[in-house]
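The values are calculated or read from the model by the stated rules, or taken from the named source; none is laboratory data. From a predicted model like this one, the values you see are computed outputs, not experimental measurements. Cβ coordinates were reconstructed from backbone atoms using ideal geometry, including for glycine residues, and neighbour counts include every protein chain displayed. Just so you know, the surface numbers come from the protein's heavy atoms only, side chains and all, with ligands and any DNA or RNA stripped out. Shrake-Rupley method; radii C 1.70, N 1.55, O 1.52, S 1.80 Å.
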Amino acid sequence: MKLVVLCALVAAAAAWPNFGMMADSPGGASDAQKQHDVNSILWKVYEEIRDPHLKELSQTFDPLSGHYDDDGVSARRLMQELNDERLLEQKHWFSLFNTRQRQEALMLYDVLEHSTDWDTFAGNAAFFRVRMNEGEFVYAIYAAVTHSPLTQHVVLPPLYEVTPHLFTNSEVIQEAYKAKMTQTAAKIKSHFTGSKSNPEQRVAYFGEDIGMNTHHVTWHLEFPFWWDDTHEDHHIERKGESFFWVHHQLTVRFDAERLSNYLDPVNELHWDDMIYEGFAPHTMYKYGGYFPSRPDKVHFEDVDGVARVRDMLILESRIRDAIAHGYFTGKDGSVISIRDSHGIDVLGDVIESSTYSPNPEYYGSLHNTAHVMLGRQGDPHGKFALPPGVLEHFETATRDPAFFRLHKYMDNIFREHKDSLPPYTQQELEFDGVNIDNFYVKGNLETYFEDFEYSLVNAVDDTESVDDVEITTYIPRLNHKEFSFIADVTNEKNHDVLATVRIFAWPHEDNNGVPFSFDDGRWNAIELDKFWVMLHPGHNHLDRSSFDSSVTVPDVPSYQFIKDRTEEAIQQGKELHIEEFESSLGLPNRFLIPKGNKDGLEMDLVIAITDGQADAAVEGLHENTSFNHYGCADGIYPDNRPHGYPLDRHVDDSRIFEELHNFKHIQVKVFHHE
Ligand SMILES: [Cu+2]
C-alpha cells in the first residue's frame, strides 16, 4: 500500500471498506500515532522496547484476544509455535531464503496482515518483538506495513538505520562500538569494499549504494515471491514481468556505469564455467559472525541441501525449451502459451520463481536457488559452519559483483523470449497526427559525488542507563545536477489527445569504441521517464524536470527526521505530512543517469510519444504523473504496454523507428565533475 495515490486508491477502496481520508485513518488511531508506534517498535530492535506504552503492551497484550479478519487462525497458529518453543532463538542471523525462517517471519506477517484494528496490530507487534527472532520480526513488520490497509500512510524508516550491519562495512561498525564504549561521539568515514587493485572497485559505488540497496529491498517487499493469492486479498498484477524489468534495469544500468568507468560490460555467469570474480564482503552479521568470502576463479560446486550444479543446468534447459516451444506446461499438463506480450509475465513468475509459477515442481526456482547456490560457494558443504552469504539477502546481494553476472545470465534468458516475438510494425508504432519537432536536454548532464551521512546509533548495544552518543558514518554517493527534457510537439488534430511520453537512453559504444547496433542499444536502454500529457491542438512545449521522473523517488529521510516530524505532529495535534516518502520503490533520483566521465559518456537518447488513450489503464494519468513505474503492487498498473515499450522487442530494421514522426533519437554526453 505504499504506492502513490493512483495505484493505492483502487486497491484500498476494494480491500478496506472503511478506507477514508487521512483524518479518519482506518483502525482507530491517527496516522501520526501509527507512525509513532512503528518508529518505536523498530528503534534499537535488539534491545528492550523503550516506548513505555509498547513495553507494557508486550507484557499485557494477548494475541488470542485481538480482532482479525481470519477468525484468529494466524494468531492461534503462531501462538502454538511459540508455546511449543519451535521458533528461532533471538540474537541469531536470519535469511529470507532459509525456508523455516521465512515461514516463521510470514506467520507473524499473517497475524499483522489479518489484524483489523490498530490496537491488535500494535499489540501483536509489541508482544512478538520481545519473543521472536529480531531478523524475522523486522522482516514481518516491513512486509506488513508495506501491505496492510491499516498502515497506508506509514513511512518505513530507512532499513540502513534499523539494521545498519547489513549496509555498513564491519570496520566502521567496530569503530561505532568503540565510540559507544568510550562514550565519545564519532563521525566515521566509510570506504567502499575492496582495494584499487580490483577493477570492480571502480563501480562499487553502484552496488554498495544504500539508496540503491533500499530500492532493491523495497521492490522485493512490494512484490514478494512468497505472495500467495489464496491468503491475500488481491492478486499482484504483472508481478513476473515487473521482476524481469526491475532486474533488467539494474543489469543495463550497471553496464552503463562500467562503460563510464572504462570497464567492459559484465559477462554472464554460467554453471559450467568459472566464477571469475571473488568477493570479500567486509560485512558482518549483528549476531552470527562475518559474511563469507569467495576467492577469484572458483568452479561452481554442488551445495549440500540446496542443489547440484547439474540440477541448475536441467532447470535452465527446461526453461529454454519452453521459450523455444513458445509455451510452458502447467502442473495439470495444460499448455500456457507465451508467444505474446503477456508471455514475459509468465516467464518472470517461472524464473523467480514465485507462487504464481504455473509449475514450480517442473521448472523449479531458478533465481532463488541460484542466489543461495552462489551465496554458499565459500562453504558449499557446510564444513566451516559459516552463516549465509551476501547473495542470500536482498539488502546485501548487490554488493557482490557476481550478483550482476548472475542477473545477466537470467536477463539473457529473458532476451531469448523477447527475441522470439515478432518486431513491432511501423503501423503499430505510429501515433497519427502527432509530430515531435524538436527534442533536447536543457541544462548539463553532469554527475558528481557527495558525502552522505547516516546514523549508526541502532548498530551498537546499550542499556537504558547508558546515554546515547551520536555515531554516524559518511560515504560518497552519486548524484546529478538538475536538467530537463524538452520536446516541441505538434498535435495536428483539432482536439486534445492524451499521449504517453517515454524516454530512454543507452551508451553509444562499447568499451572498445564500437558503436552498438540499434537492436543491441535498445535492449540496453535505461528507462529515464514515463508520463502522460494532454496535447492541445497545435504546438505543445513539454518541459520535464529530471527531478520529476516517475522512475525515481527521493531518498528516504533519516530515522531521526521521521521521528521528529511524528512527535511534532502528535504534540501539536496536527496531521503528519511525510507522504512524499511513502514509497521507496523507485531508484533514488540521484541514480537517474549513469555516472559520466571526463571525456563525456556518449549516450543515445530517445523519446517515443505514443497513444495515451490506448496505453492508459487508468483515467486521469495526465493529472497525476507521480505513479511509480516499477510496478504497482496493490492496484492496477497504469500502463497497458509491456515494460520497456516500444523498445522491448527485437528490431530488424531501425529505419522503422527513425522514420516515425512520434519518435526522436539524439546523442548526448554525460560528464562527471570531480
Ligand atoms: Cu532482486
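A few points about this structure:
- Heavy atoms of Leu576 accessible to a 1.4 Å probe, total area in Å² rounded to 10: 10 Å²
- Rounded percent of accessible protein surface that carbon and sulfur make up, the chain, 1.4 Å probe: 50 percent
- Cβ charges +1 (Lys, Arg) and -1 (Asp, Glu), total dipole of region 162-272, debye: 900 debye
- Simple Cβ-charge dipole of the chain, Lys/Arg +1 and Asp/Glu -1, about Cα centre, in debye nearest 20: 1360 debye
- The stretch between Val130 and Gln667, if pulled fully straight at 0.36 nm per residue, gains 187.6 nm over its current Cα-Cα span.
- Angle in degrees between helix 118-129 and the longest Cα principal axis of the chain, rounded to the nearest 10: 70 degrees
- Whole-number D in µm²/s for region 202-301 (Stokes-Einstein; Kirkwood sum over Cα pairs; 20 °C, 1.002 mPa s): 129 µm²/s
- A simple rule links phi to the HN-Hα coupling: the Karplus curve 6.51 cos²θ - 1.76 cosθ + 1.60 with θ = phi - 60°, which for region 484-495 gives 10, 8, 10, 9, 9, 10, 9, 9, 7, 6, 9, 9 Hz, with x for Gly and Pro.
- Unsatisfied cross-links (Cα-Cα over 32 Å) in the set Lys408/Lys563; Lys91/Lys187; Lys408/Lys530; Lys383/Lys595; Lys55/Lys180: Lys408/Lys563; Lys383/Lys595
- Under Karplus coefficients 6.51, -1.76 and 1.60, residue-wise ³J(HN,Hα) of region 508-513 in Hz, glycine/proline x: 6, 9, 7, 6, 9, x
- Only Cα pairs under 8 Å and 6+ residues apart enter the sum, and on that basis the relative contact order of region 359-437 stands at 18 percent.
- Computed E for Asp272/Thr490 - FRET, C-beta separation, R0 56 angstrom, nearest 0.05: 0.50
- The helix-based estimate of mean residue ellipticity at 222 nm for the chain, built from -39,500 (n - 2.57) per DSSP H run of four or more residues and divided by its residue count, is -10000 deg cm²/dmol to the nearest 500.
- For the chain, the Kirkwood radius over C-alpha pairs fed into Stokes-Einstein at 37 °C and 0.692 mPa s yields D = 126 µm² per second.
- Dipole magnitude for region 365-417: computed about the Cα centre from +1 point charges on Lys and Arg Cβ and -1 point charges on Asp and Glu Cβ, it is near 120 debye.
- Candidate aspartates and glutamates for bridging to Lys574, where Cα separation is under 14 Å - those fewer than 8 sequence places away on the same chain excluded: Asp24, Asp31, Asp564
- If you take the Cα centroid of region 559-590 and the Cα centroid of region 472-488, the two points sit 22 Å apart.
- Annotation: extensible slack from Phe547 through Lys196 equals 123.1 nm (criterion: 0.36 nm per residue apart, minus Cα-Cα distance).
- Against the criterion of solvent-accessible heavy-atom surface with a 1.4 angstrom probe, Tyr109, Tyr68 sort, most first, into Tyr68, Tyr109.
- Acute angle (nearest 10 degrees) that the helix 343-352 long axis makes with the longest principal axis of the chain, alpha-carbon atoms: 30 degrees
- Solvent-accessible area of Met534 with every protein chain in place, 1.4 Å probe, in Å² to the nearest 10: 70 Å²
- The C-alpha atoms of the chain define a longest principal axis, and helix 5-15 lies at about 50 degrees to it.
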